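In what follows, a structure is listed as C-alpha cells, so that the remarks can point back to it.
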Amino acid sequence: MNFLMDTANLDSIRYGVEYFPVIGVTTNPTLITREEVPDPAAHIAAIREIIGPDRQLHVQLTETEEEQMLAEAEAIVALTGKNTYLKVPVSPLGLRVTRALSEQGYGVTETAILSVGQAVLASRAGARYVAPYVSRLDNINGRGADVVAQIAEIFDTFDIGTEILAASFKTVQQIVDVGLAGGQNATVNPDLLRQLVSHPLTDSGIAGFAGDWKRQYGERTLLRFLKK
Ligand code: E4P
C-alpha cells in the first residue's frame with residue numbers, strides 16, 4: 001500500500017517528504033483555496049519543487065468545458081512535468097476528457113468517485129487511478145471500504161490495470177480498512193498521517209527503553225561504547 005499526502009500546504013508537504021515514505025501529493029481546488037495564495041499556478045509549481053521530479057503530483061482540473069479542460073491539462077503538465085496526474089471529476093464529460101487525455105498519453109486520476117460503476121467506467125475511459133471518497137460515503141451511512149473492495153474485485157477479475165487511489169479519510173481505521181479491501185494507494189491529510197504513526201504504547205515503550213539504558217549507563221550511549 002502506498003501513501004500520498006492530501007494537502008496543498010507547503011510546510012506540511014516539506015515535513016511529509018522529509019519524514020514519511022510518501023510517493024506523492026494530491027491537491028484539489030478546495031485544498032489550494034485554503035492556502036489563500038495569490039497565484040495558484042506558482043503554488044502548484046512550488047509543490048513540484050518541494051517533492052522533486054520523481055514523486056507523483058495530482059492536480060485537479062477546474063475548467064468545465066471540454067476544450068478548456070484539455071488546454072488546462074496541457075498547461076498543468078507543461079508546468080509540473082513528469083509524474084503529474086490530472087484529476088478529472090467523474091461525469092459523462094469527465095469520461096470523455098479522460099479518454100482524450102489518456103489517448104494523448106497523459107496520466108488521469110478520475111476523482112469524486114462514489115460508486116463502483118463510476119470507477120469501472122473511468123477505468124475503461126483510460127484513467128490510471130480512480131479516487132473513491134471513503135469518508136464521504138461513510139458519512140451517508142455507506143461503507144467506503146466496501147465500495148473499495150468491490151472496485152478492487154472487479155479490477156482484479158477483469159485484469160484491469162487502473163489502480164485505486166482512495167481519498168477523503170478522517171480516521172486511521174478507514175485507512176486500514178481500505179488497505180484490507182485491496183486499495184493500493186491512500187492519500188491522507190498530514191494530521192492523519194501523523195496519527196497513523198502514533199501510538200501511546202509505542203511512546204511509553206520507547207521512553208521505557210531510554211530510561212532503562214540511562215539508569216545503567218547514564219549519558220553514555222551505545223555509540224560511545226562502539227567507538228571507544
Ligand atoms: C483527494 O483527492 C480528494 O479531493 C480529497 O481527499 C477529498 O477529501 P474530503 O472529503 O476531506 O474533502
Could you say which residue among Gly161, Gly179, Gly218 is more than 24 Å from Gly126 (Cβ to Cβ) and free of Cβ contacts under 8 Å to residues at least 40 places away in the same chain?
Gly218
State whether the residues of segment 20-35 include one that is free of Cβ contacts under 8 Å to residues at least 40 places away in the same chain, closer than 30 Å to Leu180 by Cα, more than 16 Å from the ligand (Cβ to nearest atom) and surrounded by 13 or more Cβ atoms within 10 Å (Cβ to Cβ).
no
Can you find even one residue in segment 190-207 that is more than 16 Å from the ligand (Cβ to nearest atom), in the same structural domain as Leu31 (by TED's automatic domain parsing) and in contact with a helix residue (DSSP H, G or I) (Cβ under 6 Å, 6 or more places away or on another chain)?
no
With respect to Asn185, determine if the residue is free of Cβ contacts under 8 Å to residues at least 12 places away in the same chain, within 16 Å of the ligand (Cβ to nearest atom) and among the polar types (S, T, N, Q).
no
Mind listing whichever residues of segment 121-158 are touching a residue at least 40 places away in the same chain (Cβ under 8 Å) and touching a Phe, Trp or Tyr at 6+ places or on another chain (Cβ under 8 Å)?
Arg128, Tyr129, Val134
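Select from segment 154-185 the residues that are part of a loop (DSSP other than H, G, I, E, B) and small (Gly, Ala, Ser) and write down the one among them that is surrounded by the fewest Cβ atoms within 10 Å (Cβ to Cβ).
Out of the qualifying residues, it is Gly161.
The values are calculated or read from the model by the stated rules, or taken from the named source; none is laboratory data. In this text, all values refer to a predicted model and were calculated from it rather than measured experimentally. All Cβ positions, glycine included, derive from the backbone under ideal geometry; neighbour counts span all protein chains shown.
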